[in-house]
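As structure tokens, the structure follows; a few thoughts come after it.
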Amino acid sequence: MFTALLLEESGKQTQARLQRLNEHQLTTGDVLVKVDYSTLNYKDALAITGKGKIVRQWPMVPGIDYAGTVLASDHPDYRIGDEVLLTGWGVGEQYWGGLAEKASAKGDWLIPLPPGMSAKRAMAIGTAGFTAMLSLMALEHAGITPGQGPVLVTGATGGVGSVAVLHLIPICTRRRC
Ligand SMILES: NC(=O)c1ccc[n+]([C@@H]2O[C@H](COP(=O)([O-])OP(=O)(O)OC[C@H]3O[C@@H](n4cnc5c(N)ncnc54)[C@H](OP(=O)(O)O)[C@@H]3O)[C@@H](O)[C@H]2O)c1
């Protein structure tokens with residue numbers, strides 16, 4: 001048994017409750033993960049409050065990302081005890097997500113936790129931070145370099161923009177990456 005935040009649809013309302021669930025209800029994939037950390041994303045808030053059409057299957061465990069430890073695996077790339085992270089892939093929307101003590105994932109969706117990075121740190125960066133990095137890489141791919149002058153970050157108070165301003169742009173400017 002494990003505890004999860006479960007969303008159920010009642011009428012047109014979303015009801016969110018902490019519930020005890022059975023591992024047999026975790027049917028998504030071939031890797032069972034003990035979730036150590038998840039990020040509370042804007043999309044999760046929309047799903048939990050029912051204010052956005054995020055959930056595509058009911059009932060749903062929200063949480064579009066998580067980091068944790070493999071408890072069981074039928075996937076060739078993962079063994080018990082491996083530290084992994086997941087972001088996206090419809091998790092928390094179509095497949096049960098990370099706001100739970102345990103989650104089932106397709107091994108192909110998982111990424112081994114980078115050496116030296118804790119699960120807590122990975123989820124502090126979170127999907128928003130990951131998206132900020134993807135945005136920066138897209139700029140690099142387009143040939144933008146620090147020597148070309150200042151960069152304007154729009155939406156800088158938001159999840160993606162604040163990570164870009166606080167962490168990525170200063171680091172990349174110093175390192176000239
Ligand atoms: N977070 C993720 O993991 C993720 C992943 C993939 C893609 N995205 C996309 O990345 C974008 C930013 O996401 P986010 O999570 O950072 O969102 P967020 O936390 O809600 O931040 C949105 C930002 O946009 C600003 N903003 C909103 N409406 C605006 C307007 N009409 N004119 C100017 N600024 C406006 C907000 O300013 P105020 O604070 O002043 O309202 C805030 O700074 C979104 O398009 C989202 O779909 C996000």
### Message
Angle check, please: helix 119-141 long axis (alpha carbons) against the longest principal axis of the chain (alpha carbons), in degrees 0 to 90, nearest 10.
### Response
40 degrees
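Report the Stokes-Einstein translational diffusion coefficient (µm² s⁻¹, integer) for the chain, Rh taken as the Kirkwood radius over Cα pairs, at 25 °C with viscosity 0.890 mPa s.
Stokes-Einstein gives a translational diffusion coefficient of 141 µm²/s.
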### Task
Go ahead and set up a Gaussian network model of the chain, Cα springs under 10 Å, then flag whichever of Leu113, Leu85, Leu136 fluctuates most.
Leu136
### Task
Can you give me the three principal axis dimensions of the range 2-105 from its C-alpha atoms, in Å, biggest first?
41, 25, 19
### Query
Regarding the range 119-175, what is the average projected area of its C-alpha convex hull, in nm²?
4.1 nm²
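Around Asp82, with a cut-off of 14 angstrom between Cβ atoms, what is the net charge of the other residues, counting Lys and Arg +1 and Asp and Glu -1?
Numbers: positive: Lys34, Arg79; negative: Asp30, Asp36, Asp74, Asp77, Glu83.
My count for the surroundings of Asp82 gives -3.
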### Task
List, in order, the whole-Hz ³J(HN,Hα) value for each residue of the range 68-83 obtained from phi through the Karplus relation with A = 6.51, B = -1.76, C = 1.60 and θ = phi - 60°; use x for Gly and Pro.
x, 10, 6, 9, 7, 8, 10, 9, x, 8, 10, 10, 4, x, 5, 9
### Task
Please give the per residue accessible area of the chain, computed with a probe of 1.4 Å over protein heavy atoms only, in Å².
59 Å²
## Note on the structure
If each part is reduced to its alpha-carbon centroid, the range 1-41 and the range 45-107 end up apart, in Å, by 8 Å
### Message
Tell me the carbon and sulfur percent of the accessible area for the chain, rounded to whole percent, probe radius 1.4 Å.
### Response
56 percent
### Summary
For the range 1-68, listing trypsin sites (Lys or Arg not before Pro) in a DSSP loop whose Cβ sees at most 12 other Cβ atoms within 10 Å gives Lys12, Lys51, Lys53, Arg56
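The values are calculated or read from the model by the stated rules, or taken from the named source; none is laboratory data. Because the structure is a prediction, the values reported are computed rather than measured. For neighbour counting, all protein chains shown are included, and Cβ atoms are generated from backbone atoms with ideal geometry for every residue, glycine included. Accessible surface areas use protein heavy atoms only, side chains included; no ligands, DNA or RNA. Shrake-Rupley method; radii C 1.70, N 1.55, O 1.52, S 1.80 Å.
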